[in-house]
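Everything below concerns the one structure shown next.
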Amino acid sequence: MGSGALETNEEAENSLHKQASQVSDANDAVADPDVPAKRARLQKEQKDLTFQDIYQNDGMFDDYDDEDSDWEPFQLHNKCVEFEIKKWFCRNCTMVNLDHDDCCYICGEHKDSKILSLGFFASPLAQDEDLTEVQGIVKGLKDVGSQESVANSSTAIGFDERMLLHAEVEKKSTLHPERPDRLQAIAASLARAGIFPGKCYSIPAREITPEELITVHSLEHIESVEVTSESLSSYFTSDTYANEHSALAARLAAGLCADLASAIVSGRAKNGFALVRPPGHHAGVRQAMGFCLHNNAAVAALAAQAAGARKVLILDWDVHHGNGTQEIFEQNKSVLYISLHRHEGGKFYPGTGAAEEVGSMGAEGFCVNIPWSQGGVGDNDYIFAFQHVVLPIAAEFNPDLTIVSAGFDAARGDPLGCCDITPSGYAHMTNMLNALSGGKLLVILEGGYNLRSISSSATAVIKVLLGESPGCELENSFPSKAGLQTVLEVLKIQMNFWPALGPIFVNLESQWRMYCFERKRKQIKKRRRVLVPMWRWGRKSLLFHFLNGHHNVKSKLC
């Protein structure tokens, strides 16, 4: 019974297929009366075709293949929409990740990281049940008064929450690295560490005036920034955005830096940290670029001189060269600009900052560029450059105030800088600069786009400003080969303007030559061993020594 049922079903199915084929042929015939004739001709021709015939007549089936009216691509498109790939942006480094990944494939940060509320104290794996989030952190920073926070503190902080309104409005496939989260992560870290509010005091925010800005920027530049307040979204360059709040944020940042510099010079504060944005060291006399609108460090330097400082040192450790700051002061002998940055022969943004750029119009030597030739530069190279270039020149210059353009994009983990400075490295550099200007030191935030790196580094710097030790000395502080060559290149140029560098250059060059000679000697010795290694210990040792010129070697007894 089962077998008979199966045969019946197969017969029925074959009958349905035949009917469907007949219906299809009938429809094709109605649509095109020549279709049956075409099929008969093709079937006849295909019987006698060889592979060579098919290859030479590859278009012979086109007439039939063109009949694709039953294919509806829109149906296929509608089905594909259901499989749209979902992505998420890493809060820490802004990289794009697939939705099925819980941690960023670049920095390892969890998609639910609480770094904005806990700072760098947050676990990268988002397991922070044992930590209490800092609520209302931004509002808390604004409400801290200078007279109540820490009566005996000597470290001032400049911050205003309105600078967080500066953000890119236009939605793109990637997040802009210069974003409000940068300030929030640093603020959360300082609050979590009990530093601010706690051990530092804030100064009241003030907008910079046009009269102050005109000493740094052209009138056209100032007006170009101000006009952005009339637009929801605008761009100075492809990567330098503005919205309706950007002009206000830029005025607040410059105003805070100017007032911090004045407070330090006048003795109302020993040192300070400007927690500001947008950054400024790429902004030149006439142009905004590189995420920067107004040059905060330049405004601070001139404000310090107006408050009584005769000479000002600007030390720029941002991974990018501060082309704007250099342009503003390249003819000014009262402001010494020193920059450590990636350069790579001009291939790294912004392309300026070669060692040969030393200043102009009588101010030669007052611009010092230390251009790294590659990425991955770390603590050892920076400390070495400080010891042999930065500090000797700065000591001879003897500034009344030291300003640090503190970009933290050379920090380990930064997606743009790709270098390797640790928080300890930044702390040691800050401590070394404390020996200048009687400790009058102003640190101004510039770049830095990995939230965990920027917040931990900024916290380490502020701890040193508060008088804490930077920690134990860095182990193995020898520079890399590329780092040493860069320092030697800079010394050879700058010793023409700074006599103290002459003996340093001679000493380092002598050590470099000894190193090269010793390395070459070891390579030759190693090469000889590779040629005849077994003769030294085999029965042909006498012949070995003879062939190498050792005629007086005593023969060994067999």
Going by average Cβ neighbours within 10 Å, how do the peptides 96-107, 417-428 rank, with the highest at the top? 417-428, 96-107
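So, counting K/R as plus one and D/E as minus one, what does the shell of residues with Cβ under 14 Å around residue 431 add up to?
-2
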FRET efficiency, 1/(1 + (r/R0)^6) with R0 25 Å, evaluated for residue 268 and residue 469 via beta carbons: 0.45
Accessible surface, 1.4 Å probe, highest first, among residues 348, 196, 478: 478, 348, 196
Between residue 310 and residue 165, what length in nm is gained on full extension when 0.36 nm per residue of separation is reduced by their alpha carbon distance? 48.6 nm
Translational D in µm²/s for the range 145-303 (Stokes-Einstein at 4 °C, 1.567 mPa s, Kirkwood Rh from C-alpha pairs): 80 µm²/s
So, with points 7 Å from each Cα along the Cβ direction, the residue 477-residue 387 label distance in nm works out to 0.5 nm
Could you work out how far the C-alpha centroid of the range 262-294 sits from that of the range 85-112, in angstrom? 32 Å
Through the Karplus equation 6.51 cos²θ - 1.76 cosθ + 1.60, θ set to phi - 60°, convert the phi angles of the range 105-121 into ³J(HN,Hα) values in whole Hz; use x for Gly and Pro. 6, 8, 9, x, 6, 6, 4, 9, 4, 9, 5, 6, 9, 10, x, 6, 6
Determine the order of 183, 484 by accessible area, beginning with the largest, at a probe radius of 1.4 Å. 484, 183
Return the percentage of antiparallel bridges among DSSP beta bridges fully within the range 155-507, rounded to the nearest 5 %. 15 percent
Just order 198-206, 255-263, 435-443 by mean Cβ neighbour count inside 10 Å, highest at the front, would you? 255-263, 435-443, 198-206
What are the ³J(HN,Hα) couplings of the range 487-494, residue after residue, when phi is run through the Karplus curve with 6.51, -1.76, 1.60 and θ = phi - 60°? Round to Hz, x for glycine and proline. 4, 4, 4, 5, 4, 4, 7, 6
Among the listed pairs 481/525; 111/172; 87/463; 481/526, those beyond 31 Å (Cα-Cα): 87/463
Label-point separation in nm, residue 344 to residue 111, each point 7 Å along Cα→Cβ: 3.2 nm
Karplus-derived 3J(HN,Hα) from phi for the range 245-253 (6.51 cos²θ - 1.76 cosθ + 1.60, θ = phi - 60°), whole Hz, x at Gly and Pro, runs 9, 5, 4, 5, 4, 5, 5, 5, 4
Taking a 1.4 Å probe, which of 444, 524 shows the most accessible area, and what order do the others take after it? 524, 444
With N denoting the number of residues in the range 155-507, provide Rg(C-alpha) divided by 2.2 N^0.38 Å, to two decimal places. 0.91
Rounding to the nearest 20 debye, state how big the charge dipole of the range 155-507 is about its Cα centre with +1 on each Lys and Arg Cβ and -1 on each Asp and Glu Cβ. 780 debye
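The values are calculated or read from the model by the stated rules, or taken from the named source; none is laboratory data. Everything quoted here is computed from the prediction, not taken from an experiment. Glycine also receives a Cβ, built like all others from the backbone with ideal geometry; neighbour counts cover every protein chain displayed. SASA here: full protein model, heavy atoms, side chains in, ligands and nucleic acids out. Shrake-Rupley method; radii C 1.70, N 1.55, O 1.52, S 1.80 Å.
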